[in-house]
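Let me begin by presenting the structure, written as structure tokens, before commenting on it.
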Amino acid sequence: MPTSQAAATGNGPLAGVRVVELAGIGPGPFAAMTLADLGADVVRVDRPGGAGLRIDPAHDLTNRNKRSVLIDLKAEDGAARVLDLVERADVLIEGFRPGVAERLGIGPQECLDRNPRLVYGRMTGWGQDGPLAERAGHDIGYIAVTGALSMIGKADEPPALPANLLGDYAGGALYLVIGVLAALQHARTPDGAGQVVDAAIVDGTAHLTTMIHAMMGAGGWQDRRGANLLDGGSPFYGSYETADGQYMAVGALEQRFYNEFVELLGIADELPARKDFERWDELRDAVAARFRRKTRQEWTAVFEGSDACVAPVVSLREAPDHPHLAARGTFIDHAGLTQPAPAPRFSATPGSVRRPPARPGADGAEIARDWDLPAGGWVGPAGDGGPARAKEGS
């Protein structure tokens, strides 16, 4: 490993691991960011004109801790240049539709021929095969067909949308990371070899529902919204509006936590028994009416220091200032941007935010030096998002 490599990767648990990311949007870049946060040296292969998400590169936090080189994958030398990177890499991540990488000459066969120990990570919504594999899609469709979307929201309203966190990131990006790390471990064993990781959002999201399927099979979960312990059906697991139009989240599932909850709420002697399912609507109305008497700040003070399992519902902008998150450093400021810190945490090899979001094509010369690439062609022209353009708005 070149001496400059250590500086590029920091001291996270993946220090020394080299990753090639073929630029895309959504879960692929997030997976690559997660690997970079953990210390991997991630080189993002950007395309002239960008990957399609029109966001100022200086604010695209999913490209933090990465470096960028500009390659036109459709150019005559595009595939050869990617394969030069692949030869020196441990992992490649791509998020094209099935068959696109193969048509570009950088599919699994070409890459594994060049580097037999490469982990080739593929991020798609529908997967590499199946009737829908060739179709376009987005998070909402993927979580819809797995049954996950059907569980979210009130019984008498359409399913609620959890942004794109459940499919793209939980069911997609994080499963790709799991698969890549497992395959990397195998590749590094004495008899190991590289392989393809087919990370489909539908597969990962379905896997996330394993516990719910178990409960349903045992008769402890109804296959409908708003009728179960964890989906809003229970009056002691949900959110309630406060006097100032804000909300408090209640998760008082266990009896002893529930007892503390209703005691601090001030209505312990006025409620029907919590196991009287026929009167759950009455219980919910009583809890809701009580919460409307005070502001979110006042209720936060009431429940502070208790085991009632009640928390204020804060906004994205408010979250970094929550006392617990601030004390733990769950959010950090780096290069003028407030952002979530790397997770999880490691006692001996902590991850870190070492670099601001990569500017398209800005790091070609540095990457060529550190990865010992063939000379020439690694600095993108200014008109194609290279260093000159990257300075705009910085």
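The values are calculated or read from the model by the stated rules, or taken from the named source; none is laboratory data. Everything numeric here is computed off the predicted structure, so don't read it as measured data. Glycine gets a Cβ as well: all are built from the backbone with ideal geometry, and neighbour counts include every protein chain shown. Accessible surface is based on the protein model in full, side chains and every heavy atom, while ligands, DNA and RNA are left aside. Shrake-Rupley method; radii C 1.70, N 1.55, O 1.52, S 1.80 Å.
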| field | Given (1) within 23 Å of residue 237 (Cβ to Cβ); (2) in a helix (DSSP H, G or I); (3) more than 22 Å from the chain's Cα centre (by Cα), index of the condition residue 157 fails | value | (2)
| request: Could you tell me whether any residue of the range 299-322 is at pLDDT 95 or above, within 29 Å of residue 20 (Cα to Cα) and either open to solvent by 50 Å² or more (accessible area, probe 1.4 Å) or assigned to a strand (DSSP E or B) (or both)? | output: no
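Results for (1) at pLDDT below 95; (2) touching a strand residue (DSSP E or B) at 6+ places or on another chain (Cβ under 6 Å); (3) closer than 30 Å to residue 228 by Cα, shown as yes or no for each residue.
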residue: 90; (1), (2), (3): no, yes, no
residue: 110; (1), (2), (3): no, no, no
residue: 130; (1), (2), (3): no, no, no
residue: 155; (1), (2), (3): yes, no, yes
residue: 182; (1), (2), (3): no, no, no
residue: 197; (1), (2), (3): no, yes, no
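Output yes when any residue across the range 264-279 is in a strand (DSSP E or B) and either surrounded by 12 or more Cβ atoms within 10 Å (Cβ to Cβ) or within 28 Å of the chain's Cα centre (by Cα) (or both), and no when none is.
Scanning the range 264-279 turns up no residue that is in a strand (DSSP E or B) and either surrounded by 12 or more Cβ atoms within 10 Å (Cβ to Cβ) or within 28 Å of the chain's Cα centre (by Cα) (or both).
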| task | State all residues of the range 334-345 that are more than 19 Å from the chain's Cα centre (by Cα) and at negative phi; if no residue qualifies, say none. | result | 334
| query | Condition test on residue 174, is it touching a residue at least 24 places away in the same chain (Cβ under 8 Å), over 30 Å from residue 285 (Cβ atoms) and touching an Asp or Glu at 6+ places or on another chain (Cβ under 9 Å)? | reply | no
| query | What number of residues within the range 52-82 satisfy the criterion of being part of a helix (DSSP H, G or I), open to solvent by 20 Å² or more (accessible area, probe 1.4 Å) and under 23 Å from residue 18 (Cβ atoms)? | reply | 6
| Just wondering, is there one or more residues in the range 339-355 that are in contact (Cβ under 8 Å) with a residue 40 or more places away in the chain, under 29 Å from residue 291 (Cα atoms) and open to solvent by 50 Å² or more (accessible area, probe 1.4 Å)? | no
| task | Quick one: in the range 110-136, of everything that is touching a residue at least 40 places away in the same chain (Cβ under 8 Å) and part of a loop (DSSP other than H, G, I, E, B), which residue is most open to solvent (accessible area, probe 1.4 Å)? | result | 117
| query | Failed condition for residue 163, given (1) surrounded by 14 or more Cβ atoms within 10 Å (Cβ to Cβ); (2) under 19 Å from residue 27 (Cβ atoms), with all others met? | reply | (1)
| query | Would you pick out the residues in the range 280-294 that are surrounded by fewer than 17 Cβ atoms within 10 Å (Cβ to Cβ) and more than 12 Å from residue 234 (Cβ to Cβ)? | reply | 282, 285, 288, 289, 292, 293
| Does residue 366 satisfy the condition of being under 30 Å from residue 258 (Cβ atoms) and of a type in the set (Asp, Glu)? | no
